[in-house]
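Down below is the structure, laid out as structure tokens.
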């Protein structure tokens, strides 16, 4: 398996485009379209927030068919808390894409990201849709990746290829997200593509597993979005058929895991105001659920995140977050490491000089390892620091 260029159009059978419809005030690209040349097997995972945007509701319903031809994404407006009008708006722009492409409305999936509570500027979007379809090209993957950004600083793309049963196949994708990131899923969107042929049920299972180990293992600010969406489309153009229980399935799952994990890490690195990446690894938990709960509680903790931002060696904040989590353990057995240096042993803080600890915390990537010593389960979360820049961005986001 090797990394390749091409992002969401690296796999055979996909084209993309990205243009400005004037949704954003800065006139940057804000509408993206990803298209499969033929009906593709399609699955998705969505936010678990009970408040869900209009495009989430529509796309969840359309995915019941298991086939799609296009994904239309806009940035700058979430189309959430917009009631029946929001649903009408989303259906209208989806219909316009379908008519321009000559396909059924239900073959167009939708996603939106941006400010909650405002309606889509449908007329502006309608004007740009013909050009969006006309400009579809394999080379325009980067334009699409830029068009879905909100407060992100850069586009996020990834793609891999390998030979399976003698067939060269690829998995690629693009993602966005910088704030409101605590996926179950985040205000994150992603479109993944592959050129293997695969049964819809198996593809859905593999996407669920990959998302659980990547997009659901990251945190920027501990807040869950209303719009989180990950689509995965399979064109079958490589000629490889992935069947359940085969080596090909395991290899394809590895490719999907590699792409989703790289995109997830890029999302955290580009977290609003982030200057450092933090990996929280929990070992020795009684159950997988407790390991995950502990890792997430530490990664979400504002006190841990601000400690990281300031390079302030306050290991008590980490210990407090561990103790406040749902993990059950004996505090007298707790061990904690920062950047490979043990700072807590058997429930007691070790005397590590402040200059040395500050140096450990001021690296670009800071691994925190926790051993609860009560079982064999483990889990990992990726997070980042919480800085004044994050507060500045979000204090004025709606204005």
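Against the longest principal axis of the chain, how steep is helix 83-101, in degrees 0 to 90 to the nearest 10, with axes from Cα atoms? Result, in degrees: 60. By definition, a body whose alpha carbon gyration tensor gives a ≥ b ≥ c is prolate when a/c is 1.5 or more and a/b is larger than b/c, and segment 203-268 fits this prolate description.
Explain nothing, just the number: relative contact order of segment 203-320, from Cα pairs under 8 Å at least 6 residues apart, as a whole percent. Provide the component values of the computation, followed by the final result.
Numbers: 67 pairs, mean separation 33.8, N = 118.
RCO, segment 203-320: 29 percent.
Segment residue 92..residue 289, full-extension length gain: 66.7 nm, with 0.36 nm per residue of separation and the alpha-carbon distance subtracted.
Among beta bridges from DSSP that stay inside the chain, the antiparallel ones total about 70%.
DSSP assigns beta bridges within segment 277-395; of those with both partners inside it, close to 70 percent run antiparallel. With contributions of -39500 (n - 2.57) from each DSSP H run of at least four residues, the per-residue ellipticity at 222 nm computed over the chain stands at -10500 deg cm²/dmol. Projecting label points 7 angstrom from Cα along Cα→Cβ for residue 395 and residue 100 puts them 4.0 nm apart. Would you mind checking the tilt of helix 200-212 against the longest principal axis of the Cα atoms of the chain, expressed as 0 to 90 degrees and rounded to 10? Long axis of 200-212 versus the principal axis of the chain: about 40 degrees.
Counting DSSP beta bridges with both partners in segment 20-172, what percentage is antiparallel, nearest 5?
65 percent
Averaging the sequence gap over all C-alpha pairs within less than 8 Å and six or more residues apart, then dividing by the number of residues, gives segment 247-399 a relative contact order of 39 percent. Full extension of the chain between residue 25 and residue 247 yields a length gain of 75.0 nm, computed as 0.36 nm times the residue separation minus the alpha carbon distance.
Counting neighbouring Cβ atoms within 10 Å and putting the fewest first, the residues 196, 43 line up as 43, 196. With the simple spin-label model, which puts each label point 7 Å out from Cα in the Cβ direction, the residue 358 to residue 138 separation comes to 5.4 nm.
Rounded to the nearest 10 degrees, the angle from helix 247-269 to the longest Cα principal axis of the chain is 70 degrees.
Specify whether the C-alpha gyration tensor of the chain places it in the rounded, prolate or oblate class, a ≥ b ≥ c being the square roots of the eigenvalues: rounded for a/c under 1.5, otherwise prolate if a/b is larger than b/c and oblate if not.
prolate
Given the options 144, 264, 96, which has the most mean-square fluctuation in a GNM of the chain, springs set between C-alpha atoms less than 10 angstrom apart? Highest fluctuation of the listed residues: 96. State the Cα centre-to-centre distance between segment 134-177 and segment 42-120 in whole Å. So the separation of the two Cα centres works out to 20 Å. Can you give me the relative contact order of the chain as a percent, contacts being Cα pairs under 8 Å and 6 or more apart? Computed value for the chain: 18 percent relative contact order. Ordering 3, 337 by the number of other Cβ atoms within 10 Å of each residue's own Cβ, fewest first, gives 3, 337.
Taking only Cα atoms and a 10 Å spring cutoff, compute GNM fluctuations for the chain and point out the largest among 352, 133, 34. Result: 352 has the largest fluctuation of those listed. Once you sort the root eigenvalues of the Cα gyration tensor of segment 83-221 as a ≥ b ≥ c, which label holds: rounded (a/c under 1.5), prolate (a/b larger than b/c) or oblate (the other case)? It is oblate, given that a/c is not under 1.5 and a/b is not larger than b/c.
The distance between label points at residue 154 and residue 51 comes to 3.3 nm (points 7 Å beyond Cα on the Cα→Cβ vector).
Only the coordinates and a few stated rules stand behind these numbers; no lab work does. From a predicted model like this one, the values you see are computed outputs, not experimental measurements. No Cβ is skipped: glycine too gets one built from the backbone with ideal geometry, and neighbour counts run over all protein chains shown.
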